[in-house]
């Protein structure tokens, strides 16, 4: 049977997120409890978490999380890493054996900074250099896969139910100001851990529920800009789209949201002239990056998170607030289970981004 | 000589019990097939003149007429068919080049019919176009490469000139001369009503039609007929015609007999002179020359109009398109080997060029591999027959399509393929006033509007079935297609999987 990455697998899912606007950090217990409430929305074929603020001791290093199929590819890949990066620290990612998590790859973590002479030689920014190295590893080294590459944040994922994956990675030992989680319901056996969510590129992480019907249009558009969609999953394509729009094209989060979940022409038509021109521009200029079909996504980034539904809201997603905490989930139950008392709870409209960032006094301290 | 004789292709079957000798058929047939025999006191026909255009059949009040293929035949031979034999007789007789009209009718594969469209089931929902917006608006033109912002950080909409289409279908080039005034008026009015564009072809723009300039693409072809400042300014876009699918590599020839006063004025040539379009543009002998013409036209129109470069689908089309995408052109139009014509040498029409689906797939893929797909929009024509062909073309990577044969069919063309005679009984491919007036532009434009409206409905329905509610999410979305009965190489070129994969 073909592995994920050799063909396109549709899937349904559950997502959940917790964000502390005051920068307070909490361990992974609550996010596991939240996502496990939606157990039936996943089928044991993929679960994962993204956490922000977990590596303050290495805040200036890019934290690479890698899956290796075997030790030989690890040797090759480490040679590549050493050539391109100063490695401040490297170790296995601590795990706890779990009966339902099997077929484990080798899971390693590296805290790295790009070698200075490499940056000078390539004349690239640090971020761009890292993106290119990650793309190269994932594309060229069969059996090696970088699944997390941001600073002071990390992705933890596996094949299994998300609550089991959380236990497996000992998430109670990490403290984050922002957690996102994902339970996957693919319609085929992915056969590979890299297919689980979240997907990450630098500090952008995506958890995604839905099957996008525009997949091949999006894939072929984004691949023009140097990205390689090796996994053939919707989520991977979405991750690259946001990286491209925000980091490379300099769009704001809102603008990027209005590209991927563009308002209908009938809505744009009713806008005041300047706004209309701007929205028309975004739809036209980035037409190939409009994402069609059902999705609810959470885009995590340093200092914030954005939740977004497709423009018809074909997937459920609710947002709740309590004091300094913001909760986002596929189902209200997944929020109530960890925070029964909410100041506010609502279902954002299709295509309307919900952007939450750290309070000013908490920024920079993350 | 006896060997010059060719048995007529068609038989005119007249039911004597039904015929009331009203002589409508006689009046309607410009080919003079029918006449009333006063001695016999009945209608008779000379089927040797019949082109099977169905004009008489359609207007016979008693349904007394039908036209059928003759069953007279040569001794059967799979290789030396009757058609092949007759063509040799004709050429041995005349010493001339065989001429034909409309698109390549031969039994080559039709790739549109070897691709199937996807639909949503369970994992994502199909969308009901009767309940939800279903967007097919399309922009044609270059995409911006850099985002510019003003001092307040607001995006400056730095879009280059473009065409906005309410439906991704345009009427492709047919010159005034090759088709009639009324046919042009029908196309122009339908374009305006439907929010799309028609194309002047290389015959210039009739002075009466300047008022539809906003829905007109003005063509600059190798003969440069009718090209002047006002003409360029009148259109919404300018198309440089390099090639035509029906006759790649050769020019055109409108016989002097068709260059009557109106046409001579529109083409800006003396009355009665042959209008000859050379095979190449004599100022374009290479790609860098094309660039100069593109920018000459942009200069002439103050960079306010997108420039289209139209080529026919030939073997090396991907590389040619790549060159054009770097030439400053905003849109590439590709015309497949099935594309129609008012007249072309038969051998060229039937043997030169490649199928549009293959050309489109390889051009789109090549431009993406080179990272320049956003430099240009791609418009394809050359036998788009229905809305499913459009869906398939867009999924392969086209931004929009050009239709012409389908448009003429909706105006009444019966595809008899004898446009070159200039005696079109339907008032389309003719300049004879008594024939032209048979095509009423009020009705013609309405029929074109109906056709596009119907196709629009069907496009929306199929998109909704795929779970797509915006045409840009279909563009280049090749996973929405599967091949049927195609070999590995064909699938590879089309960039699609086989059904069942």
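The values are calculated or read from the model by the stated rules, or taken from the named source; none is laboratory data. None of these values were measured; they are calculated from a predicted model. Note: ideal-geometry Cβ built from the backbone for every residue, glycine included; neighbour counts use all protein chains shown.
Some values worked out for this structure:
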read-out: One residue from B:449, B:459, B:468 being under 18 Å from residue B:166 (Cβ atoms), within 25 Å of the chain's Cα centre (by Cα) and either free of Cβ contacts under 8 Å to residues at least 12 places away in the same chain or buried (at least 19 other Cβ atoms within 10 Å of the Cβ) (or both); value: B:459
read-out: Total residues in segment B:457-468, condition more than 12 Å from chain A (Cβ to nearest Cβ) and over 16 Å from residue B:392 (Cβ atoms); value: 1
read-out: Candidates A:212, A:206, A:238 - the one that is under 23 Å from residue A:317 (Cα atoms), surrounded by 24 or more Cβ atoms within 10 Å (Cβ to Cβ) and out of contact with any strand residue (DSSP E or B) (no Cβ under 6 Å at 6 or more places or on another chain); value: A:212
read-out: Qualifying residue in segment B:393-408 (condition: touching a helix residue (DSSP H, G or I) at 6+ places or on another chain (Cβ under 6 Å), surrounded by 20 or more Cβ atoms within 10 Å (Cβ to Cβ), at positive phi and part of a loop (DSSP other than H, G, I, E, B)); value: yes
read-out: Check on residue A:306, within 18 Å of residue A:41 (Cα to Cα) and in a strand (DSSP E or B); value: no
read-out: Complete set of residues in segment A:96-127 that are within 20 Å of residue A:58 (Cα to Cα) and under 21 Å from the mean Cα position of the chain (by Cα); value: A:107, A:108, A:109, A:110, A:111, A:112, A:126, A:127
read-out: Some residue of segment A:188-201 being in contact (Cβ under 8 Å) with a residue 40 or more places away in the chain, surrounded by fewer than 24 Cβ atoms within 10 Å (Cβ to Cβ) and touching a helix residue (DSSP H, G or I) at 6+ places or on another chain (Cβ under 8 Å); value: no
read-out: Positions within segment B:212-224 being in contact (Cβ under 8 Å) with a residue 24 or more places away in the chain and touching a strand residue (DSSP E or B) at 6+ places or on another chain (Cβ under 6 Å), in sequence order; value: B:217, B:219, B:220, B:221, B:222, B:223
read-out: Some residue of segment B:375-387 being touching a residue at least 60 places away in the same chain (Cβ under 8 Å), within 15 Å of residue B:167 (Cβ to Cβ) and surrounded by fewer than 24 Cβ atoms within 10 Å (Cβ to Cβ); value: yes
read-out: Scan of segment A:299-336 for residues that are surrounded by fewer than 18 Cβ atoms within 10 Å (Cβ to Cβ) and in contact (Cβ under 8 Å) with a residue 40 or more places away in the chain, ordered by number; value: A:324, A:333
read-out: Segments classed as strands (runs of 3 or more DSSP E), wholly inside segment B:216-280, with at least 1 members that are under 18 Å from the mean Cα position of the chain (by Cα) and modelled with pLDDT of 90 or more; value: B:216-220, B:237-241
read-out: Selection from segment B:198-211 of residues that are more than 26 Å from residue B:278 (Cβ to Cβ) and touching a strand residue (DSSP E or B) at 6+ places or on another chain (Cβ under 9 Å); value: B:210
read-out: Failed criterion for residue B:421 (all others in (1) more than 17 Å from the chain's Cα centre (by Cα); (2) closer than 21 Å to residue B:312 by Cα; (3) touching a residue at least 24 places away in the same chain (Cβ under 8 Å); (4) away from every other protein chain (no Cβ under 14 Å) hold); value: (2)
read-out: Restricting segment A:215-233 to residues that are more than 10 Å from chain B (Cβ to nearest Cβ) and either farther than 23 Å from residue A:47 by Cβ or crowded, with 24+ Cβ neighbours inside 10 Å (or both), the residue that is nearest to the chain's Cα centre (by Cα); value: A:233
read-out: Hey, residue B:469 out of contact with any strand residue (DSSP E or B) (no Cβ under 8 Å at 6 or more places or on another chain) and in the same structural domain as residue B:393 (by TED's automatic domain parsing) or not; value: no
read-out: Condition broken by residue B:477, with the remaining ones in (1) touching a residue at least 60 places away in the same chain (Cβ under 8 Å); (2) in contact with a strand residue (DSSP E or B) (Cβ under 9 Å, 6 or more places away or on another chain); (3) under 30 Å from residue B:116 (Cβ atoms); (4) crowded, with 17+ Cβ neighbours inside 10 Å satisfied; value: (2)
read-out: Residue check for residue A:250: farther than 23 Å from residue B:138 by Cα and not in a loop (DSSP other than H, G, I, E, B); value: no
read-out: Qualifying position, being without any contact (Cβ under 8 Å) to a residue 40 or more places away in the chain and away from every other protein chain (no Cβ under 14 Å), among B:437, B:489; value: B:489
read-out: All strands (runs of 3 or more DSSP E) inside segment B:118-187 with 2 or more residues being in contact with a strand residue (DSSP E or B) (Cβ under 8 Å, 6 or more places away or on another chain), more than 8 Å from every other protein chain (Cβ to nearest Cβ) and surrounded by fewer than 24 Cβ atoms within 10 Å (Cβ to Cβ); value: B:163-165
read-out: Residue in segment B:74-85 that is free of Cβ contacts under 8 Å to residues at least 24 places away in the same chain, loosely packed, with under 14 Cβ neighbours inside 10 Å, touching a helix residue (DSSP H, G or I) at 6+ places or on another chain (Cβ under 6 Å) and farther than 30 Å from residue B:252 by Cα present; value: yes
read-out: So residue A:267, is it assigned to a helix (DSSP H, G or I), under 28 Å from residue B:371 (Cβ atoms) and either at the interface with chain B (Cβ under 8 Å from one of its Cβ atoms) or over 23 Å from the mean Cα position of the chain (by Cα) (or both); value: no
read-out: Selection within segment B:298-312 - in contact with a helix residue (DSSP H, G or I) (Cβ under 7 Å, 6 or more places away or on another chain) and either in a loop (DSSP other than H, G, I, E, B) or under 15 Å from residue B:333 (Cβ atoms) (or both); value: B:301, B:307, B:309, B:311
